[in-house]
Amino acid sequence: MKTALYEEHENLGAQIVDFCGWQMPLKYEGVIAEHMAVRNNVGIFDVSHMGRVEVEGPQAEEFLNYLSTNIISGKKDFSATYTVWADETGGSVDDVIIFRIDAERFFVVVNAGNRDKDLAHMKQHAANFDVRIRDRFQEEGILAVQGEKAEELVKGIFPGAEDLGFMCFMPVEWGGAQFYLAKAGYTGSPGFELYVPNTVIAQLWNTFLGEGKAYGIQPVGLAARDTLRLEMGFALYGHELSDSIAPNESVASWAVKLKKDKFLGKDALAKKAEASDKRKQYGVLLLDKGVAREGYSVLKDGEVIGTVTSGTQSPCLQQGIAIVLVQASLKAGDQVEIQIRQRLVKAEVVKLPFWKAEK
Amino acid sequence: MKFSESHEWVRVEGDSGTVGVTNHAQNELGEIVYVELPEVGASISTGDAVVVLESTKAAADVYSPVSGTVTAVNDGTQDEPELVNNAAEGNGWLFKIQLNNPGELDSLMDQAQYEGFIKGGR
């Protein structure tokens with residue numbers, strides 16, 4: 001499958017790879033260059049392989065609150081909420097962002113690898129609520145514009161963007177199309193996401209690249225998207241969350257509100273929270289040379305306590321960073337070891353995020 | 001210079017060889033952040049994974065195109081792993097090896113054959 005911007009990526013010389021059945025740009029100039037472009041200037045991402053699903057009706061709020069482990073009810077209009085969806089066994093279905101237009105109109109942005117699964121999951125549970133589900137997968141794509149200078153660039157094309165608070169969104173009109181602009185992102189640098197009809201998305205992509213020259217804009221691929229989110233300690237479904245990793249076992253546990261009234265998976269998650277052998281995820285900084293990778297063993301005092309869920313060399317810190325899933329209670333400053341092929345490399349538990357913007 | 005199908009090169013003087021990865025290989029790998037070198041004195045068979053090149057995305061094994069004993073390693077790559085990207089076929093060399101059997105070079109590709117090989121898209 002290809003997004004509406006596939007030809008643009010080819011023209012820009014991207015290295016194209018398969019990602020969940022999509023032909024996506026892995027990188028253009030280079031992972032570290034693109035990563036630093038976002039941290040220092042501004043980068044633009046095509047994330048059209050993700051998807052937007054409209055949820056509308058008298059019970060839209062109740063329905064989405066039921067599906068979510070975070071609180072969805074009672075939020076402000078034009079606000080967005082990050083949440084993990086759990087199933088009856090307490091496994092994670094996906095992590096999503098839920099956008100509220102008003103009490104009866106919402107939309108959900110879901111991960112590329114889970115588009116069909118999430119839609120089926122929503123439709124299955126929607127049978128019990130007065131609600132209509134309509135996906136916009138064929139009609140739309142998604143752009144992310146992220147970085148120190150993103151606001152300067154975006155407000156020049158979409159006046160009023162500078163007034164958007166974090167996790168808030170607004171309707172916009174451009175190129176004859178109407179769509180939404182959100183102050184949200186997956187990089188930890190300030191930025192925006194736009195949910196754009198395919199009729200104008202290529203034009204908008206090129207407008208950003210043109211207007212963005214003055215700000216040092218670069219197109220950014222999926223490899224740098226991963227190093228950016230990892231520097232923030234954000235979960236990536238399939239690594240930190242999966243059908244065998246519960247939301248409250250993960251770095252996303254802050255978004256799980258167990259005290260909420262009835263929601264899908266509540267009983268299973270409550271049991272996990274009380275278990276004596278429960279698992280948790282932590283961020284670790286490697287103290288010696290090496291790159292920890294998914295699946296490598298994590299040891300404490302000579303005993304294997306878990307595995308690495310994600311790891312890389314942080315371009316900003318120039319050190320190895322990783323998220324680990326362990327059966328142990330650790331705190332910042334604790335030392336563990338990561339088995340990197342033949343070597344045991346020392347690593348220290350740190351508070352997330354690994355990287356913080358300088359104020 | 002001789003080349004392997006897994007994109008290593010070896011430059012030979014007498015029975016001493018210098019080994020690295022090709023420019024094509026470093027371009028595919030992306031920015032190298034760590035280079036894990038073998039021990040000097042290590043005994044290597046052809047095809048052994050001798051060096052590991054770590055990029056942000058993945059770890060890649062470098063296979064020795066010849067058998068022999070490691071006589072030197074390029075310590076410069078420890079502090080400057082980008083040497084491998086910037087000068088893969090020169091200062092970004094990885095290790096030197098005393099060849100057990102110079103005859104092994106005959107089964108490697110020469111420059112023209114290697115260039116044809118990579119154009120063929122393998």
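The values are calculated or read from the model by the stated rules, or taken from the named source; none is laboratory data. Note that the structure is a prediction, hence the values are computed from the model and not measured. Heads up, the Cβs are rebuilt from the backbone with ideal geometry, glycines too, and the neighbour counts pull from every protein chain shown.
Tabulated data
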quantity	calculated
Failed condition for residue B:80, given (1) farther than 22 Å from residue A:32 by Cβ; (2) surrounded by fewer than 19 Cβ atoms within 10 Å (Cβ to Cβ)	(1)
Members of segment A:195-225 found to be touching a residue at least 60 places away in the same chain (Cβ under 8 Å), closer than 18 Å to residue A:2 by Cα and outside any helix (DSSP H, G or I), listed by number	A:195, A:219, A:220, A:221
Residue match in segment A:226-235 (condition: at pLDDT 95 or above, away from chain B (no Cβ under 14 Å) and touching a strand residue (DSSP E or B) at 6+ places or on another chain (Cβ under 8 Å))	yes
Residue that is farthest from residue A:228 (Cα to Cα), among those in segment A:15-27 that are of a type outside the set (D, E, K, R) and crowded, with 21+ Cβ neighbours inside 10 Å	A:24
Set A:46, A:95, A:87: member being surrounded by fewer than 16 Cβ atoms within 10 Å (Cβ to Cβ) and away from every other protein chain (no Cβ under 14 Å)	A:87
Filter result for residue B:38 (touching a residue at least 40 places away in the same chain (Cβ under 8 Å) and surrounded by fewer than 21 Cβ atoms within 10 Å (Cβ to Cβ))	yes
Hits in segment A:328-343 - residues which are away from every other protein chain (no Cβ under 14 Å) and surrounded by 15 or more Cβ atoms within 10 Å (Cβ to Cβ)	A:328, A:330, A:334, A:336, A:337
Filter pass, residue B:86 being within 14 Å of chain A (Cβ to nearest Cβ) and among the polar types (S, T, N, Q)	yes
Residue B:27 being surrounded by fewer than 15 Cβ atoms within 10 Å (Cβ to Cβ), within 14 Å of chain A (Cβ to nearest Cβ) and under 23 Å from residue A:33 (Cα atoms)	yes
Candidates A:262, A:272 - the one that is part of a loop (DSSP other than H, G, I, E, B), touching a helix residue (DSSP H, G or I) at 6+ places or on another chain (Cβ under 9 Å) and either away from every other protein chain (no Cβ under 14 Å) or in contact (Cβ under 8 Å) with a residue 12 or more places away in the chain (or both)	A:262
Qualifying residue in segment A:122-131 (condition: buried (at least 18 other Cβ atoms within 10 Å of the Cβ) and β-branched (Val, Ile, Thr))	yes
Scope segment A:1-38; condition touching a Ser or Thr at 6+ places or on another chain (Cβ under 6 Å) and part of a helix (DSSP H, G or I); matching residues	A:31, A:35, A:38
Segment A:226-235: number of residues that are crowded, with 22+ Cβ neighbours inside 10 Å, in contact with a Phe, Trp or Tyr (Cβ under 9 Å, 6 or more places away or on another chain) and either assigned to a helix (DSSP H, G or I) or free of Cβ contacts under 8 Å to residues at least 24 places away in the same chain (or both)	3
Yes/no for residue B:77 being more than 16 Å from residue B:3 (Cβ to Cβ), within 14 Å of chain A (Cβ to nearest Cβ) and not in a loop (DSSP other than H, G, I, E, B)	yes
Count of residues meeting criterion [more than 14 Å from chain A (Cβ to nearest Cβ) and within 15 Å of the chain's Cα centre (by Cα)] in segment B:30-58	4
Index of the failed condition, residue A:22 passing every other in (1) hydrophobic (A, V, I, L, M, F, W, C); (2) out of contact with any helix residue (DSSP H, G or I) (no Cβ under 8 Å at 6 or more places or on another chain); (3) more than 14 Å from every other protein chain (Cβ to nearest Cβ)	(2)
Which numbered condition residue A:31 misses (of (1) surrounded by 23 or more Cβ atoms within 10 Å (Cβ to Cβ); (2) β-branched (Val, Ile, Thr); (3) in contact with a Phe, Trp or Tyr (Cβ under 9 Å, 6 or more places away or on another chain))	(3)
Selection status of residue A:221, away from every other protein chain (no Cβ under 14 Å), modelled with pLDDT of 95 or more and more than 21 Å from residue A:76 (Cβ to Cβ)	no
Residue list for segment A:309-327, filter: assigned to a strand (DSSP E or B), within 14 Å of another protein chain (Cβ to nearest Cβ) and closer than 30 Å to residue B:39 by Cβ	A:311, A:312, A:313, A:314, A:319, A:320, A:321, A:322
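For every residue, the table says whether it meets (1) assigned to a strand (DSSP E or B); (2) in contact with a helix residue (DSSP H, G or I) (Cβ under 8 Å, 6 or more places away or on another chain); (3) surrounded by fewer than 22 Cβ atoms within 10 Å (Cβ to Cβ).
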{"residue": "A:258", "(1), (2), (3)": "no, yes, yes"}
{"residue": "A:267", "(1), (2), (3)": "no, no, yes"}
{"residue": "A:276", "(1), (2), (3)": "no, no, yes"}
{"residue": "A:284", "(1), (2), (3)": "yes, no, no"}
